[in-house]
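S.K.: For reference, the structure I am asking about is given below.
Each value in this text was obtained by applying a stated rule to the coordinates, not by laboratory testing. From a predicted model like this one, the values you see are computed outputs, not experimental measurements. Cβ atoms come from the backbone with ideal geometry, glycine included; neighbour counts cover every protein chain shown.
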Amino acid sequence: MKRVLLLLSDGFEAYEAAAFSDVLGFASTFGEEEIEVITVSLHPQLQCTFGFKVIPEMLLGEVQDDDFDAVAVPGGFEQAGFYNDAYSDAFGDVLRRFAAAGKPVAAICTGALPVARSGVLQGRRATTYHLLDGRRRRQLAEMGAEVVDAPLVRDGCFVTSTSPATATDVAFTLLEMLTSTENVRATRHAMGYS
């Protein structure tokens with residue numbers, strides 16, 4: 001069984017988190033290997049970008065890195081307080097530890113920014129939210145990443161993307177990194193993708 005740490009910041013986008021949960025959940029149900037997704041945060045309760053509340057399964061301080069095979073980071077909105085948690089030392093520490101161990105680090109949209117802020121994308125190809133006159137991409141470059149104009153970028157153990165529209169693509173890429181191309185095909189079929 002594989003386990004994925006779904007790292008949630010206050011103000012995260014529920015749709016992006018749900019892409020990881022659903023794709024990996026379908027893979028666990030219909031695929032070749034069980035995959036457990038565990039929601040983890042700094043707080044016992046979170047509020048998503050657009051308002052509803054979520055209770056994570058674990059607090060970050062309880063996490064044992066060896067219990068997880070990958071970390072997944074959905075993005076969020078500045079106005080909803082996303083960067084308060086996402087740029088914290090605690091988030092940066094866990095991202096650095098997973099990267100140092102060579103474990104997959106998958107980020108959707110602005111989720112790439114805390115990954116870059118942790119220092120692990122220094123000199124690596126990556127992308128992030130492409131609208132807002134390129135402001136988020138400039139921030140990514142200022143944090144040392146080589147910004148690529150593509151919807152999804154994979155560089156070694158890192159996967160980053162441009163927007164919520166890429167959420168399932170990132171989740172399928174993570175699934176492939178954890179299991180196999182065959183498993184991705186089976187999961188896509190089970191989810192109704194052609």
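S.K.: For segment 61-73, check the following and say yes or no: at least one residue is under 18 Å from Val170 (Cβ atoms), part of a helix (DSSP H, G or I) and not hydroxyl-bearing (Ser, Thr, Tyr).
M.R.: So far as segment 61-73 goes, no, none of its residues is under 18 Å from Val170 (Cβ atoms), part of a helix (DSSP H, G or I) and not hydroxyl-bearing (Ser, Thr, Tyr).
S.K.: Still on this model: Evaluate segment 55-71: report whether one residue or more is at positive phi, in contact (Cβ under 8 Å) with a residue 24 or more places away in the chain and over 12 Å from the mean Cα position of the chain (by Cα).
M.R.: Checking segment 55-71: not a single residue is at positive phi, in contact (Cβ under 8 Å) with a residue 24 or more places away in the chain and over 12 Å from the mean Cα position of the chain (by Cα).
S.K.: Now for a different question. So if I check each of Phe26, Phe12, which one is surrounded by fewer than 24 Cβ atoms within 10 Å (Cβ to Cβ), in contact with a helix residue (DSSP H, G or I) (Cβ under 7 Å, 6 or more places away or on another chain) and not aliphatic (A, V, I, L, M)?
M.R.: Among Phe26, Phe12, only Phe26 is surrounded by fewer than 24 Cβ atoms within 10 Å (Cβ to Cβ), in contact with a helix residue (DSSP H, G or I) (Cβ under 7 Å, 6 or more places away or on another chain) and not aliphatic (A, V, I, L, M).
S.K.: Continuing with the same structure: Would you point out the residue of segment 157-182, among those that are in contact with a Pro (Cβ under 9 Å, 6 or more places away or on another chain), more than 17 Å from Leu6 (Cα to Cα) and among the small types (Gly, Ala, Ser), that is surrounded by the most Cβ atoms within 10 Å (Cβ to Cβ)?
M.R.: Ser163
S.K.: State all residues of segment 1-28 that are in a strand (DSSP E or B) and either within 16 Å of Glu57 (Cα to Cα) or under 12 Å from the mean Cα position of the chain (by Cα) (or both); if no residue qualifies, say none.
M.R.: Arg3, Val4, Leu5, Leu6, Leu7, Phe12
S.K.: Anything in segment 128-147 that is out of contact with any helix residue (DSSP H, G or I) (no Cβ under 7 Å at 6 or more places or on another chain) and buried (at least 16 other Cβ atoms within 10 Å of the Cβ)? List them, or say none.
M.R.: Passing the criteria: only Arg137.
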